[in-house]
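What follows draws every value from the coordinates through simple rules; no lab data is involved. Everything numeric in this text was worked out from a predicted model, so none of it was measured. Using ideal geometry, Cβ is built from the backbone for each residue, glycine included, and neighbour counts are taken over all protein chains shown.
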Amino acid sequence: MAAGLQPVTDGGIVLESREVNDAGPERAVVFQSPSLFPWLTARENIALGVDRVYPKASRQERREIVDYYLARVGLADSMDRKAAELSNGMKQRVGIARAFALSPKLLLLDEPFGMLDSLTRWDLQDVLMEVWKRSRVTAICVTHDVDEAILLADRVVMMTNGPNARIGRIMEIDLPRPRSRKALLEHPDYYRYRGEVLAFLEEYEGGATPQATTEAPVAAAAGKAA
């Protein structure tokens, strides 16, 4: 719904005083499954959005934006390879570069590393945090991985099981940035955060609806993640 890809069932979503009712480049999405045009190169896949977002920029300026973000995600040597020739991990790097290249006001990540092996997943988490440092754009990341949520987020919004899923609990993550996996595991508060999330998951495993609160939706909408 925040991306404008599904109709809002109740209420409304407002981004910078404008109600969201359709898709738009100011809300970039990184999907779970790489969504690229396989017959286009990595550079061409990103250029499609960049050309729309920066119509007044020169061709050289737009190319520099595309090349910059491809380099930031580690694809400086693969810019002219067709998407069909890339591994899943490389395709997802293109998806991350494409999202940041649009200079979005809101970044939406839907299980962006869910289809990848553990080593690639860890690598791309680091890539995401590194690229995010430049823009610090507000982001919403959906994940089922407890450690990933604690590593990436400033605020973890825990949902009950569906159908009729609801916001159950909100946890602020007060850990210094930049973050690394090693530093996270060594931080004295890490296991406290992890234990709180796991306790919630166990408590609502059967899909029980928590007591309603008036602050939860507001806090969730204001949340930031890396």
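Among the DSSP beta bridges whose two residues both lie in the range 1-142, what percent are antiparallel, rounded to the nearest 5?
Taking every DSSP beta bridge within the range 1-142, about 25 percent pair in antiparallel fashion.
By how many degrees, between 0 and 90 and to the nearest 10, does the Cα long axis of helix 118-135 differ from the longest principal axis of the chain?
80
Taking the 0 to 90 degree range and rounding to the nearest ten, how far is the long axis of helix 88-101 tilted relative to the main principal axis of the chain, both from C-alpha atoms?
90
Arranged by the count of other C-beta atoms within 10 angstrom, fewest first, what order do Lys56, Lys105 take?
Lys56, Lys105
Please rank Glu44, Glu148, Glu172, Glu202, fewest neighbouring Cβ atoms within 10 Å first, as an exposure proxy.
Ordered from fewest to most neighbouring Cβ atoms within 10 Å, Glu44, Glu148, Glu172, Glu202 come out as Glu202, Glu172, Glu44, Glu148.
Going out from 0 in 10 Å bins, what whole percent of all Cα-Cα distances in the range 1-142 drops into each bin?
In order of increasing distance, the bins hold 12, 42, 35, 11, 1 percent.
Excluding residues fewer than 8 places away in the same chain, name every one of the lysines whose C-alpha is closer than 26 Å to that of Lys133.
Correct list for Lys133: Lys91, Lys105, Lys182, Lys224.
Near Arg181, within a Cβ-to-Cβ distance under 14 Å, what is the net charge of the other residues, with Lys and Arg +1 and Asp and Glu -1?
Around Arg181, the surrounding residues sum to -2.
Tell me the mean residue ellipticity at 222 nm calculated for the chain from its helices only (DSSP H runs of n ≥ 4, each -39500 (n - 2.57), averaged over every residue, nearest 500).
The per-residue figure over the chain is -12500 deg cm²/dmol.
Could you give log10 I(q)/I(0) at q = 0.16 Å⁻¹ for the range 57-207, computed by the Debye formula over C-alpha point scatterers of equal weight, without solvent?
-0.96
In whole Å, how far is the Cα centre of the range 27-100 from that of the range 105-165?
If you average the Cα positions of each part, the centres end up 20 Å apart.
Along its three principal axes, how long is the range 74-153 when you only count alpha carbons? Whole Å, largest extent first please.
Cα spread of the range 74-153 along its principal axes, largest to smallest: 34, 28, 18 Å.
What FRET efficiency do you get for Glu130 and His187 if R0 is 22 Å and r is their Cβ-Cβ distance, rounded to the nearest 0.05?
0.70
Identify the residues of the range 52-92 with backbone N under 19 Å of a label point that sits 7 angstrom from the Cα of Leu15 along the Cα-to-Cβ direction, or state none.
Hits in the range 52-92 for Leu15 at 19 Å: 52-55.
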